[in-house]
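Read through the structure below, which is laid out as structure tokens, and then see the notes.
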Amino acid sequence: MNSDNKYLNIKSRRKYFIFICLYFFLYPICKLLFGRKKNWIVCERGNDAQDNGFLFFKYLIDHHPEIKPVYLINKTSPDYLKVKKIGKVVEFQSFKHFMMVIGSPVKISSNLFGYAPWVQMTTYLRRNKTRDINVFLQHGVIKNYHEGLCSDNCKAIDLFVCGAKPEYDYVLSEFRYNNSVPQYTGFARYDSLEDFKTKNQILLMPTWRSKLSAISDECFINSDFYKEWVNLINNSKLLERCKKANLTIKFYLHYALQNYSHLFKGNEIVKIVNFGEEAVQDLLKESKILITDFSSVYFDFGYMNKPVVYFQFDESTFYDEHYTKGYFDYRRDGFGDVCLKTDETVNSIIKIIDNKFDAEKKYLDRMNTNFVYRDNKNCERIFNCICELRDKK
């Protein structure tokens, strides 16, 4: 086993060495072709366009014709045609993608170095400060401590966008960046949350579990995660109340667990939504109640002042298997009731339905504490921050 690991390490080092040689050999050519100030690249994970990356790309197209942004995405992505209709796209992991990442003066992604085509380039960017501008748009408000996101491990980040004021304060104090790197601008996608119309719909959107990301279907079915969420979407009391109120339930698994989506079965009230079938932004805007566990998606709901319920059946073990708990305490700072059991969760949902889908005042106050900016200018602030960095360089 040790010899196998040693072989893999040697193989990985060789790939990294080859990448470095190729990087510096092509550097002057790529800078000549794509080094002009207007050539910005934007990306999310390479196979989607539903988050801050896409919304900021659309903002650039609509408001800044002097910039010529390029969106990096696979042609096989269900979002590919959506992006191509509004702007220029380049195939993710193509040779042109590789050259553009080397040459472009501004690199923007909602995932950490998500615009990098290969692991070797991600590793290089993490380790080395570059002359280009690297923008981390984020895809969720940070509420826990991530050592991997600290400045020591992400030397190339020039702009670390924060979506909420307490998050900004936490990143500034704990993640060891120069004060100019983290900026509270609000998320790009929040601009699209200013105008929404709800349907008679409840959204169930749990986050992922690291130990469930790469297991067999049989093991997944036997997990507490699967059993608890199946019990909730089949709870007779909840289904009867939803039927009486003419409500439907949309169940959407986290991106990292989408491979197990087929194991959940819908019913008369519940629809299982697979990746690519509906935009996450649309699901959030259309739904009247959000049921989640630890997913930061509740910040989007809080931005819209809509009620949230936390179903945290594995509260006692979640942080042991995931991140170190940060500044956010769900009972003190949360936007809704914290429930450990199915019956409690159902009762909280019914309470909100009976209250005509209005969030309680104490939760509204907490939402307002998090979001200082509610002016539809988040993209504008991000753009101005990038331009200031560009002008300095």
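The values are calculated or read from the model by the stated rules, or taken from the named source; none is laboratory data. Since the structure is predicted, the reported quantities are computational estimates derived from the model, not experimental observations. All Cβ positions, even for glycine, are placed from backbone atoms using ideal geometry, and neighbour counts span all protein chains on display. Surface accessibility is based on the protein's heavy atoms, side chains included, excluding ligands, DNA and RNA. Shrake-Rupley method; radii C 1.70, N 1.55, O 1.52, S 1.80 Å.
Of all residues in the stretch 196-206, none satisfies being over 26 Å from VAL308 (Cβ atoms), open to solvent by 30 Å² or more (accessible area, probe 1.4 Å), of a type in the set (S, T, N, Q) and over 17 Å from the mean Cα position of the chain (by Cα).
Considered as a group, the residues in the stretch 50-70 that are open to solvent by 30 Å² or more (accessible area, probe 1.4 Å) and part of a helix (DSSP H, G or I) include one that is nearest to ASN111 (Cα to Cα), and that residue is LEU55. Taking the stretch 259-349 as the region of interest, the strands (runs of 3 or more DSSP E) fully inside it that hold 1 or more residues being in contact with a Phe, Trp or Tyr (Cβ under 9 Å, 6 or more places away or on another chain) and either open to solvent by 10 Å² or more (accessible area, probe 1.4 Å) or on the phi > 0 side of the Ramachandran plot (or both) are 270-273, 336-339. Within the stretch 96-116, being closer than 12 Å to PRO69 by Cα, assigned to a loop (DSSP other than H, G, I, E, B) and either open to solvent by less than 10 Å² (accessible area, probe 1.4 Å) or of a type in the set (Lys, Arg) (or both) holds for one residue alone: SER104.
For residues in the stretch 374-385 being in contact with a strand residue (DSSP E or B) (Cβ under 8 Å, 6 or more places away or on another chain) and open to solvent by 20 Å² or more (accessible area, probe 1.4 Å), which is nearest to ASN231 (Cα to Cα)? Can you show your working first?
Within the stretch 374-385, the subset in contact with a strand residue (DSSP E or B) (Cβ under 8 Å, 6 or more places away or on another chain) is 381-382, 385.
Within this subset, residues satisfying the condition of being open to solvent by 20 Å² or more (accessible area, probe 1.4 Å) are 381, 385.
Numbers: ARG381: 44, CYS385: 47 Å.
Among residues in the stretch 374-385 that are in contact with a strand residue (DSSP E or B) (Cβ under 8 Å, 6 or more places away or on another chain) and open to solvent by 20 Å² or more (accessible area, probe 1.4 Å), the one nearest to ASN231 (Cα to Cα) is ARG381.
Let's see how each residue does on (1) touching a residue at least 40 places away in the same chain (Cβ under 8 Å); (2) acidic (Asp, Glu); (3) within 28 Å of ASN355 (Cβ to Cβ); (4) out of contact with any helix residue (DSSP H, G or I) (no Cβ under 9 Å at 6 or more places or on another chain):
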| site | (1), (2), (3), (4) |
| --- | --- |
| LYS165 | yes, no, yes, no |
| SER192 | yes, no, yes, no |
| PHE196 | yes, no, yes, no |
| GLN201 | yes, no, yes, no |
| MET205 | yes, no, yes, no |
| TRP208 | yes, no, no, no |
| SER236 | no, no, yes, yes |
| LEU239 | no, no, yes, no |
| GLN258 | no, no, no, yes |
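Could you tell me whether LYS75 is closer than 18 Å to PHE383 by Cβ and not in a helix (DSSP H, G or I)? Steps first, please.
Values: closer than 18 Å to PHE383 by Cβ: no; not in a helix (DSSP H, G or I): yes.
Here the answer is no, as LYS75 does not meet what is asked.
Could you tell me whether any residue of the stretch 376-388 is at pLDDT below 95 and either assigned to a loop (DSSP other than H, G, I, E, B) or among the aromatic types (Phe, Trp, Tyr) (or both)? Scanning the stretch 376-388 turns up at least one residue that is at pLDDT below 95 and either assigned to a loop (DSSP other than H, G, I, E, B) or among the aromatic types (Phe, Trp, Tyr) (or both). Taking the criterion of being open to solvent by less than 40 Å² (accessible area, probe 1.4 Å) and either out of contact with any helix residue (DSSP H, G or I) (no Cβ under 9 Å at 6 or more places or on another chain) or not hydroxyl-bearing (Ser, Thr, Tyr) (or both), the residues of the stretch 75-93 that qualify are ASP79, TYR80, VAL83, GLY87, VAL89, VAL90, PHE92.
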